[in-house]
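Written out below as structure tokens is the structure these notes cover.
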């Protein structure tokens, strides 16, 4: 019975991690690529990106991320149990030194929180790799 339980926990953990990484890639890369594609179909001219097109892309990305955060907050509010809604839960960065001591591992994170943290981490790592190896020289070479 314990072997089956351990295998089940491993499969659930692996599946959860895989879905979390897939969701992070869709949010982190899918949203900007969607707005770049939308701008390319609307602009429909070859050449460099002009100012208004860049503003359109940037604004679209920001509004989409804002909407996703609102949706995630709404889903997270529905997932929390009633007793957690009654008491306010303070983040570790928002506690004073005289509050109760922080015990790591005492509170587990929820799936929405893990998704957005993973999105930020995966996006930052991908940007650093792109900037370091694929972006080319930032200065003109004459």
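The values are calculated or read from the model by the stated rules, or taken from the named source; none is laboratory data. Given the structure is predicted, the values throughout are model-derived calculations rather than measurements. As a convention, Cβ positions derive from the backbone with ideal geometry for all residues, glycine included, and neighbour counts pool all protein chains shown.
Scanning the range 36-50 finds no residues that are out of contact with any strand residue (DSSP E or B) (no Cβ under 9 Å at 6 or more places or on another chain), in contact (Cβ under 8 Å) with a residue 60 or more places away in the chain and either closer than 25 Å to residue 123 by Cα or not in a helix (DSSP H, G or I) (or both).
Hey, any hits in the range 61-84 for a residue that's at pLDDT 70 or above, assigned to a loop (DSSP other than H, G, I, E, B) and more than 22 Å from residue 126 (Cα to Cα)? Talk me through it step by step, then tell me what you get.
First, the residues of the range 61-84 that are at pLDDT 70 or above: 61-80.
Filter once more, keeping what is assigned to a loop (DSSP other than H, G, I, E, B): 80.
Going one step further and asking which of them are more than 22 Å from residue 126 (Cα to Cα), we end up with 80.
Yes; the residues of the range 61-84 include at least one that is at pLDDT 70 or above, assigned to a loop (DSSP other than H, G, I, E, B) and more than 22 Å from residue 126 (Cα to Cα).
Got at least one residue in the range 4-15 being assigned to a loop (DSSP other than H, G, I, E, B), exposed (fewer than 10 other Cβ atoms within 10 Å of the Cβ) and out of contact with any strand residue (DSSP E or B) (no Cβ under 8 Å at 6 or more places or on another chain)? Checked the range 4-15: no residue is assigned to a loop (DSSP other than H, G, I, E, B), exposed (fewer than 10 other Cβ atoms within 10 Å of the Cβ) and out of contact with any strand residue (DSSP E or B) (no Cβ under 8 Å at 6 or more places or on another chain). Of the residues that make up the range 19-35, is at least one farther than 25 Å from residue 117 by Cβ and buried (at least 17 other Cβ atoms within 10 Å of the Cβ)? Looking through the range 19-35, none of the residues is farther than 25 Å from residue 117 by Cβ and buried (at least 17 other Cβ atoms within 10 Å of the Cβ).
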